[in-house]
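**Student:** Sharing a structure here in structure tokens format.
The values are calculated or read from the model by the stated rules, or taken from the named source; none is laboratory data. These numbers come from a predicted model, not from an experiment. As a convention, Cβ positions derive from the backbone with ideal geometry for all residues, glycine included, and neighbour counts pool all protein chains shown.
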Amino acid sequence: MSSLPVAVFVGGTSGIGRAMAEAFARRTNGDAHIIIVGRNKASADDLIASFPKPTDSNAIHEFIASDVSLISNVHNTTAVLLQRLERIDYLVLSSGVLIFAGRNETSEGLDDKMALSYYSRWTFIHDLLPLLRQSVQGARVYTVLASGPNTPIEKDNLDLKKNHTLGKMTAALTTYTNVAFQKLAKDEPRIHSLNHAFRASWYWKIPYYIVYPVFSFLSITPEAAGNIHLDALMDSPAGFNSYDPKGKLMSYTPADEETVESCGIILWN
Ligand SMILES: NC(=O)c1ccc[n+]([C@@H]2O[C@H](COP(=O)([O-])OP(=O)(O)OC[C@H]3O[C@@H](n4cnc5c(N)ncnc54)[C@H](OP(=O)(O)O)[C@@H]3O)[C@@H](O)[C@H]2O)c1
């Protein structure tokens, strides 16, 4: 078995996932197995071409195309990974779309934003547990979404089909992720850490040099954001961690046991 680190970036073709994949490739000098999951092959090819050329012949840099808004596609992708890999050391999840639109159901009946930001990510973690458990130093899972305090869970309206609002959805995504991570941290001691981060501000889609002079107090370069989040991932303490937009550990008031036990599993399955 190759001792090179194995890292999977779901949502690694753009934004923070891409910046973290770039930072990871730089830090390992390309000597790693790096897998990018997303839809945009051209962007993935461009990213992979930018990685340092590895010196270890076991290094692999590859792209797996998958529309992960459908959970059936996620299962297909994890089946490929389970077949091909012996372990996963780092799993970074950042797939998503801007949350400005209302409810929009996929053919599987889930809201597309909830599917991308929560359900698909949980399916990746859940399906890939056999590989995460095999990491020698303990796998690290990092989801970039919206860390923060928990809000009450509507147990009879988990998919928010009733009274759907954007505010309710973002609060629910934060809470679902926290509670499910708490549950997993408790049940899976072989996984080193489960980390929920808040995406740092930067102006990825507008040329950086245009906005920086005006918004420098708010923005950082994509490269800096990638390094901030990668540092947080690499240095993460054991268990469940919550990070602020600057990659600093935040205090987190855990959900109570009853919520973790009753909702952690429901949300996860
Ligand atoms: N807390 C906050 O205030 C805050 C603010 C902004 C963003 N966020 C969240 O932080 C996360 C990362 O943000 P970002 O700026 O890095 O996002 P981004 O630049 O828009 O990147 C999103 C990634 O998701 C992938 N993706 C989108 N739809 C997909 C699909 N159907 N199937 C597979 N992959 C898909 C994209 O890949 P392809 O195009 O290749 O499919 C891309 O790699 C997102 O979840 C976003 O919602 C949080």
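**Student:** Consider Leu98 carefully, then state whether it is within 9 Å of the ligand (Cβ to nearest atom) and loosely packed, with under 12 Cβ neighbours inside 10 Å.
**Tutor:** yes
**Student:** Using the structure shown, decide if Leu110 is in contact (Cβ under 8 Å) with a residue 60 or more places away in the chain, among the hydrophobic types (A, V, I, L, M, F, W, C) and either within 16 Å of the ligand (Cβ to nearest atom) or surrounded by fewer than 18 Cβ atoms within 10 Å (Cβ to Cβ) (or both).
**Tutor:** In short, no.
**Student:** Can you name every residue in segment 133-144 that is crowded, with 24+ Cβ neighbours inside 10 Å and among the aliphatic types (A, V, I, L, M)?
**Tutor:** Selection gives Ala139, Val141, Val144.
**Student:** Let me ask another. Kindly indicate whether Ile48 is buried (at least 16 other Cβ atoms within 10 Å of the Cβ), more than 8 Å from the ligand (Cβ to nearest atom) and free of Cβ contacts under 8 Å to residues at least 24 places away in the same chain.
**Tutor:** Judged against the criteria, Ile48 is a match.
**Student:** Related question: Give me a count of the residues in segment 74-105 that are farther than 20 Å from Arg133 by Cα, modelled with pLDDT of 95 or more and either among the aromatic types (Phe, Trp, Tyr) or touching a Leu at 6+ places or on another chain (Cβ under 7 Å) (or both).
**Tutor:** 1
**Student:** So for segment 57-70 (the condition being out of contact with any Cys (no Cβ under 6 Å at 6 or more places or on another chain), more than 25 Å from Leu194 (Cα to Cα), more than 16 Å from the ligand (Cβ to nearest atom) and without any contact (Cβ under 8 Å) to a residue 12 or more places away in the chain), does at least one residue qualify?
**Tutor:** yes
**Student:** Out of curiosity, is Gly167 modelled with pLDDT under 95 and either under 17 Å from Leu93 (Cβ atoms) or touching a Leu at 6+ places or on another chain (Cβ under 8 Å) (or both)?
**Tutor:** When the stated conditions are applied, Gly167 does not pass them.
**Student:** So which of Gly38, Gly15 is in contact (Cβ under 8 Å) with a residue 12 or more places away in the chain, within 17 Å of Tyr90 (Cα to Cα) and within 8 Å of the ligand (Cβ to nearest atom)?
**Tutor:** It is Gly38.
**Student:** Scan segment 238-269 for residues that are surrounded by 18 or more Cβ atoms within 10 Å (Cβ to Cβ) and assigned to a strand (DSSP E or B) and report the count.
**Tutor:** Looking only at that region, the number is 4.
**Student:** Considering only segment 23-45, state which residues are buried (at least 21 other Cβ atoms within 10 Å of the Cβ) and part of a helix (DSSP H, G or I).
**Tutor:** Once the filter is applied, which keeps residues that are buried (at least 21 other Cβ atoms within 10 Å of the Cβ) and part of a helix (DSSP H, G or I), segment 23-45 yields Ala23, Phe24, Ala25, Ala44.
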